[in-house]
Amino acid sequence: MVKGSKRGVPMSTLACARTVALFGIGVRPALVEVHIGRGLPGAQLVGLPDTAIREARDRVRAAFDSSGLSWPRGKITVNLAPADLHKQGTTFDLPIAAAIAVASGVVPQNSLERCVLVGELGLDGSVRKSRSILPAAIFCRKNGVRLIGPRQNSWEARLVEGCEFAGISTLAELVAYMRGELSTEHASSFTPGECVDQTHCSSSPDVELSRCPQRGQSDDDTELADALKGLVLGATQARALEAIAAAAVGGMNVLLWGRPGCGKTILGRLAVGLLPDLDTEAAIEVRVIHSMVQSEEEIGLPRRPPFRAPHHSVSPAALVGGGSGIPKPGEVSLAHRGVLFLDELALFPGPSLEALRQPLEDGVVRISRSLATVEYPARPIVVAATNVCRCGGPGDVTTLGSRLSVGVHDSEGLPQTATISEPSSKFSSQLQDREVRCRCSPVDRAKFLKRLSAPLIDRFDLCVRLEPPNSSELLEARTDRSLIWWREKVAEGRELVRSILGSEKTLAECTPREMSTLLAPEREARSLLDRWASLQRASARRVHKTVRVMWSLAALDGREKPDSEHLERAIAMIELPPGLGP
Ligand SMILES: [Zn+2]
């Protein structure tokens, strides 16, 4: 846009370039307006820029010089719109340079139509790689506009299928591209190699980030596989492992409880090993969240779901997100699409646990700070482990005995309450006697579990009691099922659930309405469920949980409908610690 003066000589010129501002894990559209007018030569930046953007003025000027472009004379005003959006980072360099090039007549105005520019400039005129390419590419695909950005980021832009990307490596190249002297093919012809990880691959070292499929098979995997092989699988451990797999199928949360030494921690850590690899879309999401707190080189394109295990002294802000300025994601978001493992749940500070309730319910964290309100996705599978009292004993055995319900039937074949499994030999009975006795007073015990409020416990669909393996199990019970076996089962189960629900929803996200229409169990299982529910005076919430677990177990078995056997197993997997029951 050129406004002519009376004598036909341009007096002031105006140009604008579109860009995006990183906001949470997404981007917001922003506009760079450049006005060159009369006045003392110089450049001024307005529109709520942070320090890095304010310095863009000097970088862009030096890059112009280094690229052999003449810096326009006159007073340059750069405005970043919308003015109320807090903007940060160095990715505004490229749109500012492009808009100045247009305003000074170096390139035609229409060259910036339907384009979004993102990138940082070096003083030598080179275009450096940027942090916000992935979310920018997603934004551009959605809005049907072309993205112009650093060539080094090409591979990331290409992950977003359907995004038209032009990669440039210098300011001079950008000018040539905008003049139409550089073909789109050339601009996007950069071929990334396979991997920067030289221990695995021999591809060129100038490649920015890993796309190497081998990288997913990390050392962690080998460690987990070994842990599974070494796990002593007593009856309760096997049930817990299955419960975790069912949780992985249905997107649900698991609480493991019992005394120390029965494998809660190792099972919690194994949980992430049971999850199938991330698909590209999920990997992009995980990468974008993690790039908020970690350098992108470290992240690469993650193939394996994330695993986070914060210590129980974690603050609410570290757990759910926060911090000054633009809030950062917390552990629950960093574990999105993976596993959040909360070991020693009862020792977590009350405020942290309460802060966790909302994200676990909604699958998203909303944090408001003075600068912005951001949303981070938070849909991990939460696996929590806890003792039932501080001394590490079994809690109150008498209460425990009266409320267990493990696959024992009454005369009508209805699952019934039963006592804890008897130790199988005299030896183990002595062993247990020595370990089992709880030294806590009833008041201590109540205090210990007090932090686990009923609404929090409600977020756990599966609650599994663990007992130390008995002596015969100690000698022989090892699993012959590998991690890969479990992963395949979980992946197939998820696929089955998707086809049943006809959407991308998980079982945990099903509304009561969907549960009554899509998830009605078979007749026999149905009547058994009704009888169980009335006998136990189970709340609607508990019945729904049971139904969800039933379906997850059936999907895990590759069955399209759960039967009464799945119901029995589901009931055995929803067993609350003493004192926390309904
Ligand atoms: Zn105790």
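The values are calculated or read from the model by the stated rules, or taken from the named source; none is laboratory data. Keep in mind that what you see is a predicted model, and the values were worked out from it rather than measured. Note: ideal-geometry Cβ built from the backbone for every residue, glycine included; neighbour counts use all protein chains shown. Only protein heavy atoms, including side chains, enter the accessible area calculation; ligands, DNA and RNA are left aside. Shrake-Rupley method; radii C 1.70, N 1.55, O 1.52, S 1.80 Å.
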Checklist outcome for this item: Residues whose built amide H sits under 5 Å from the amide H of Ser12, excluding neighbours closer than 5 in sequence, are Lys3
Checklist entry - In terms of modelled amide H atoms, which long-range or inter-chain residues lie less than 5 Å from the amide H of Lys87? => result Asp50
Next on the checklist: Leaving out ligands and nucleic acids, and using a 1.4 Å probe, what accessible area per residue does region 478-582 come to in Å²?
Outcome noted: 51 Å²
Checklist entry - How big is the accessible area of Asp226 in square angstrom, nearest 10, if you roll a 1.4 angstrom probe over the protein chains? => result 90 Å²
Next on the checklist: Rounded, prolate or oblate for region 452-582? Axes are the square roots of the Cα gyration tensor eigenvalues, ordered a ≥ b ≥ c, and the cut-off for rounded is a/c under 1.5.
Outcome noted: oblate
Next on the checklist: Less than 12 Å from a label point 7 Å out along the Cα-to-Cβ axis of Ser539: which backbone N atoms in region 435-472 qualify, by residue?
Outcome noted: 453-460
Item to check | Rg followed by Dmax, in Å, when region 234-286 is reduced to its Cα trace | outcome: 12.9, 40
Checklist entry - Got a sec to turn the phi values of region 94-108 into Karplus ³J(HN,Hα) couplings, 6.51 cos²θ - 1.76 cosθ + 1.60 with θ = phi - 60°, whole Hz, x for Gly and Pro? => result 5, x, 5, 4, 5, 5, 5, 4, 5, 5, 8, x, 6, 10, x
Next on the checklist: Output wanted: per-residue J couplings in Hz (rounded whole) for region 256-267, from phi through Karplus 6.51 cos²θ - 1.76 cosθ + 1.60, θ = phi - 60°, x for Gly and Pro.
Outcome noted: 9, 9, x, 7, x, x, 10, x, 4, 5, 5, 5
Item to check | Dimensionless Rg over Rh [region 1-159; C-alpha; Kirkwood] | outcome: 0.97
Next on the checklist: Run the simple label-point estimate for Arg357 and Ala491 please: 7 Å along Cα→C-beta, distance reported in nm.
Outcome noted: 3.9 nm
Checklist entry - R0 = 60 Å: FRET efficiency of Arg526 with Ser441, Cβ-based, nearest 0.05? => result 0.85
Checklist entry - Which pairs in the list Lys264/Lys561; Lys75/Lys129; Lys229/Lys264 are over 19 Å apart, alpha-carbon to alpha-carbon? => result Lys264/Lys561; Lys75/Lys129
Checklist entry - How do Tyr177, Tyr376 stack up against each other in accessible area, from largest to smallest, with a 1.4 angstrom probe? => result Tyr177, Tyr376
Checklist outcome for this item: Taking r as the C-beta separation of Ile500 and Gln44 and R0 as 51 Å, the FRET efficiency to the nearest 0.05 is 0.25
